[in-house]
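Below is one structure; the comments refer to it alone.
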Amino acid sequence: MLESRKIFLVDAMLEYFSNLSPISNGFIKEVKNNSHAMLVRKNKYILSPLDQNVSVYFVVNGLVRGFIKEDHKDITTWISVGNEFIGAIQAPSQSISPSIEYLQALEDTELVAIPNAAIQMLYDLYSETNIIGRKILALQYHAACERSILARIPSAERRYEKFLELNSFDISNVPLRCLASFLGMRLETLSRIRSKLIKELN
């Protein structure tokens, strides 16, 4: 990746921060010194249980899913289309340990990794980090609540309709098997529901 592109990606993350709170020159310097821009090719893992879960990632552009494996099956737990932070599950008090989730790029994805240790240092040194962290946590909590509600809708068709209501992004790039897994239904069920809705719109 060209150095100019790496700078662009880190700057995109800094712009995201600045939209949440004014940021100081010291904060900017530390973020630039401790962040790592990445390009992850389609279908490659950003993180897996083979890796130590030591960073969070800001997705600048691309498409990422989080998933776990249960009984040799992939269970998609979330989907990100960019301009947000992602990471694997980790208890706040937990020491560094392997991830229990896989983070996978579903298309070529550009992101920025920032270590958890660097984030803690920012909290200790720069007061704006507390504002930024609180606002990001609120966004993440809201998204988690939406996923929780979605998972409890008993009708498969209504789950799909609610998913469309909650998400304005183009889902055409999301593999149907991943979407079906996320919505807790068989691929055949999702295909049938989509075909039915398309007919109703025509």
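The values are calculated or read from the model by the stated rules, or taken from the named source; none is laboratory data. Because the structure is predicted, anything quoted here is derived from the model rather than measured. In this analysis, Cβ positions are derived from the backbone assuming ideal geometry, glycine residues included, and neighbour counts consider all displayed protein chains. SASA here: full protein model, heavy atoms, side chains in, ligands and nucleic acids out. Shrake-Rupley method; radii C 1.70, N 1.55, O 1.52, S 1.80 Å.
Things worth noting here:
- Any chance Lys29 is more than 28 Å from Val174 (Cβ to Cβ) and either modelled with pLDDT of 95 or more or hydroxyl-bearing (Ser, Thr, Tyr) (or both): yes
- Whenever a residue of the stretch 175-192 is closer than 17 Å to Lys69 by Cβ, its partners that are assigned to a helix (DSSP H, G or I) and at pLDDT below 95, lying with C-beta atoms within less than 7 angstrom and at least six residues away or across chains, give the pairs Gly184/Ala151.
- Odd one out for Arg159, checked against (1) more than 15 Å from the chain's Cα centre (by Cα); (2) among the basic types (Lys, Arg); (3) surrounded by fewer than 18 Cβ atoms within 10 Å (Cβ to Cβ); (4) farther than 29 Å from Ile7 by Cβ: (3)
- Count of residues meeting criterion [open to solvent by less than 60 Å² (accessible area, probe 1.4 Å), farther than 22 Å from Arg152 by Cβ and not small (Gly, Ala, Ser)] in the stretch 177-202: 0
- Qualifying position, being touching a helix residue (DSSP H, G or I) at 6+ places or on another chain (Cβ under 8 Å), among the basic types (Lys, Arg) and over 19 Å from Gln120 (Cβ atoms), among Arg5, Arg65, Arg41: Arg65
- Residues that are over 24 Å from Asn43 (Cα atoms) and of a type in the set (S, T, N, Q), drawn from the stretch 141-177: Ser148, Ser155
- Positions within the stretch 179-189 being in contact with a helix residue (DSSP H, G or I) (Cβ under 8 Å, 6 or more places away or on another chain) and farther than 14 Å from Ile79 by Cβ, in sequence order: Met185, Arg186, Leu187, Thr189
- Qualifying residue in the stretch 57-75 (condition: on the phi > 0 side of the Ramachandran plot, modelled with pLDDT under 95 and not small (Gly, Ala, Ser)): yes
- So Tyr141, is it touching a helix residue (DSSP H, G or I) at 6+ places or on another chain (Cβ under 7 Å), free of Cβ contacts under 8 Å to residues at least 12 places away in the same chain, among the hydroxyl-bearing types (Ser, Thr, Tyr) and open to solvent by 20 Å² or more (accessible area, probe 1.4 Å): no
- Residue match in the stretch 99-114 (condition: out of contact with any helix residue (DSSP H, G or I) (no Cβ under 9 Å at 6 or more places or on another chain), surrounded by fewer than 16 Cβ atoms within 10 Å (Cβ to Cβ) and among the aromatic types (Phe, Trp, Tyr)): no
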